[in-house]
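The values are calculated or read from the model by the stated rules, or taken from the named source; none is laboratory data. The structure presented is a predicted model; accordingly, all values stated were derived computationally and were not measured. In this analysis, Cβ positions are derived from the backbone assuming ideal geometry, glycine residues included, and neighbour counts consider all displayed protein chains.
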Amino acid sequence: MSFIELHDVGKSYGVRNVLSGVNLTLEEGEFVSIVGASASGKTTLLKAAAGLILPDKGTITMGGEKVTDFSREASFIFQNYSLLPWLSAYENVRLAVEATFTDWSKKQHQEQAEKYLQMVGLGAAMRKRPNQLSGGMRQRVAIARAFATEPRVMFLDEPFGALDALTRGTLQQELSTLCRAAGRPVTALMITNNVDEAILLSDRILALSRGPGATLSPAVPVNLSRPRASDLLLHDEQAVRVRNRLAEFLSAGSDRNRSKPRPDLQAIAKEIPVEA
Ligand SMILES: Nc1ncnc2c1ncn2[C@@H]1O[C@H](COP(=O)(O)OP(=O)(O)OP(=O)(O)O)[C@@H](O)[C@H]1O
Ligand SMILES: [Mg+2]
């Protein structure tokens, strides 16, 4: 049995069928990404896997237990930062640490929050509130908050989608380093609309077809050693194969639902970030 298993998962909102027959497994310590077109159901899938919403059909298990709620062992990085605006960066992180490590002292909570903010380069800005920080800095706070709770599982919903290419590249490397430096297996499920980002970070990648009733492609393995350098991946033979395979899945989904052209799917296949 795998650490996380989704079996035949389906989800509708009213009459709108978003997910259908979704199967996915993650081994402990694996980094798996899902790519897909805008509004295909990626966030719905991630929230269902994390227990934030319940599917209408199928089963989801983590460590052999049915997922019915958000696990205390998990962290979720939302698509739009989701920091509490009236609290400083430090307070945002400390609050999560307090809620997780309830038997720790106040000093331990403080030290843990400061340690992770320093790790993401925010040592000097930790007293600032979110509206005083840039988008990249806010996302660093969200990453520090997620790692400071020392999660066993991380759910990441387009964590760098709103950032410029340079900041995005830096934070991708930081995330990869934090996962490897954790000193314990961190299992990660990430949504992205950027295939190169998925190749840089993942052990396996799946494509979510365009809905209604979106479903996952078979997993494409990324057998590249780490650390990976994004500029080298551009022309790496294996990376090119992975990119082509995913493009095939995304275009096949497009052909299957042939009612109208799917420029957004073509854009993903060509590595151009898609506007939401
Ligand atoms: N709570 C909800 N109630 C009703 N419909 C919803 C709800 N959440 C999502 N939807 C609809 O379900 C579909 C899939 O939404 P979802 O947010 O999962 O897509 P996504 O792939 O994450 O999109 P994006 O790329 O824009 O982030 C969309 O048509 C959306 O409007
Ligand atoms: Mg989404």
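Identify, by number, the condition in (1) at pLDDT 95 or above; (2) in a helix (DSSP H, G or I) that Phe155 doesn't meet. So the condition that Phe155 fails would be (2). Of the residues making up region 114-135, none is within 16 Å of ligand 1 (Cβ to nearest atom) and within 25 Å of Lys47 (Cβ to Cβ). The condition of being among the basic types (Lys, Arg), outside the structural domain of Lys128 (by TED's automatic domain parsing), within 16 Å of ligand 2 (Cβ to nearest atom) and surrounded by fewer than 22 Cβ atoms within 10 Å (Cβ to Cβ) holds for only one of Lys47, Lys42, that being Lys47. Residues of region 110-121 include at least one that is closer than 14 Å to Arg140 by Cα and not in a helix (DSSP H, G or I).
Selection within region 216-245: residues that are free of Cβ contacts under 8 Å to residues at least 12 places away in the same chain and among the aliphatic types (A, V, I, L, M). The member of this set that is surrounded by the most Cβ atoms within 10 Å (Cβ to Cβ) is Val240. Given the structure, is Arg127 charged (D, E, K, R) and either more than 24 Å from Trp86 (Cα to Cα) or under 16 Å from the mean Cα position of the chain (by Cα) (or both)? Taking the combined requirement at face value, the residue does not satisfy it. None of Val93, Val15, Val67 is among the aliphatic types (A, V, I, L, M) and within 16 Å of ligand 1 (Cβ to nearest atom) except Val15. Set side by side, the residues Glu98, Glu30, Glu114 differ, and just one is surrounded by 14 or more Cβ atoms within 10 Å (Cβ to Cβ), in contact (Cβ under 8 Å) with a residue 40 or more places away in the chain and under 25 Å from Ala148 (Cβ atoms), which is Glu30.
Annotation: Arg140 fulfils all but one of (1) of a type in the set (D, E, K, R); (2) surrounded by 23 or more Cβ atoms within 10 Å (Cβ to Cβ); (3) touching a Pro at 6+ places or on another chain (Cβ under 8 Å); the unmet one is (3).
Which residues, counting only those in region 25-43, are within 15 Å of ligand 1 (Cβ to nearest atom) and either farther than 12 Å from Gly213 by Cβ or of a type in the set (Lys, Arg) (or both)? Of everything in region 25-43, those that are within 15 Å of ligand 1 (Cβ to nearest atom) and either farther than 12 Å from Gly213 by Cβ or of a type in the set (Lys, Arg) (or both) turn out to be Ser33, Ile34, Val35, Gly36, Ala37, Ser38, Ala39, Lys42, Thr43. Within region 1-19, the set of residues being touching a residue at least 60 places away in the same chain (Cβ under 8 Å) and buried (at least 20 other Cβ atoms within 10 Å of the Cβ) comprises Ile4, Val18, Leu19. Regarding region 53-62, can at least one residue be identified that is away from ligand 1 (no atom under 13 Å from the Cβ), in a helix (DSSP H, G or I) and at pLDDT 95 or above? Taking every residue of region 53-62 in turn, none turns out to be away from ligand 1 (no atom under 13 Å from the Cβ), in a helix (DSSP H, G or I) and at pLDDT 95 or above. Using the structure shown, decide if Gly161 is within 16 Å of ligand 2 (Cβ to nearest atom), at pLDDT below 95 and not in a helix (DSSP H, G or I). So Gly161 passes the test.
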